[in-house]
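Peer 1: Okay, handing you the structure first.
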Amino acid sequence: MPKYESTRHAFTVTIIEVLRQHFGEYAEDIFSTSPLLGYLNSKSRSAHRGSKARGAFANHYALYVIVEDYIKKGFLSSKAPHPYSKYEGTIFRPIPPAARAAIRRQTPKSRAQCQAERRIS
């Protein structure tokens, strides 16, 4: 399998730790040969920075929704009612309320949001 160059940063350690929990000694090999993990690694560079630096995490959520649907529809366990070639995709659901609240607590309000709140109250 081809290996992909991936810049290491503070959050790379966390990604590899999770891989070690699931794949043991193969964690480094999986990390270095997976273009998807390379992409997630490059987009998670800002994970330990402030909330303004986390714009790429919407991409993580989109991938999560797709993978979650793939698993729920049985494609991972080969129990899907039809072949993957007939898969119609998924509907992106809104972020769950608890997650939305957590994001709001971390994300500073824009000037427009503050002005709108002042007009309402």
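Peer 1: I'm trying to understand the selection: among the residues of the stretch 55-78, which are small (Gly, Ala, Ser), assigned to a helix (DSSP H, G or I) and either touching a residue at least 12 places away in the same chain (Cβ under 8 Å) or surrounded by 15 or more Cβ atoms within 10 Å (Cβ to Cβ) (or both)?
Peer 2: Scanning the stretch 55-78 gives a single hit, Ala62.
Peer 1: How about the stretch 79-92: which of its residues are among the hydroxyl-bearing types (Ser, Thr, Tyr) and either at pLDDT 85 or above or not in a loop (DSSP other than H, G, I, E, B) (or both)?
Peer 2: Tyr84, Ser85
Peer 1: Is there a residue being out of contact with any Asp or Glu (no Cβ under 9 Å at 6 or more places or on another chain) and modelled with pLDDT under 75 anywhere in the stretch 40-47?
Peer 2: Checked the stretch 40-47: at least one residue is out of contact with any Asp or Glu (no Cβ under 9 Å at 6 or more places or on another chain) and modelled with pLDDT under 75.
Peer 1: OK, next. Can you tell me which residues in the stretch 10-33 are part of a loop (DSSP other than H, G, I, E, B) and in contact with a helix residue (DSSP H, G or I) (Cβ under 8 Å, 6 or more places away or on another chain)?
Peer 2: Passing the criteria: only Phe11.
Peer 1: Next up: Going by the structure shown, is Val18 over 21 Å from Ala62 (Cα atoms), β-branched (Val, Ile, Thr) and within 18 Å of the chain's Cα centre (by Cα)?
Peer 2: Against the criterion (over 21 Å from Ala62 (Cα atoms), β-branched (Val, Ile, Thr) and within 18 Å of the chain's Cα centre (by Cα)), Val18 does not qualify.
Peer 1: Mind listing just one residue for me: the one in the stretch 29-45 that is over 11 Å from Lys3 (Cα atoms) and of a type outside the set (Lys, Arg) and, of those, surrounded by the fewest Cβ atoms within 10 Å (Cβ to Cβ)?
Peer 2: Leu36
The values are calculated or read from the model by the stated rules, or taken from the named source; none is laboratory data. For clarity, every value in this text was computed on a predicted model and none was experimentally measured. No Cβ is skipped: glycine too gets one built from the backbone with ideal geometry, and neighbour counts run over all protein chains shown.
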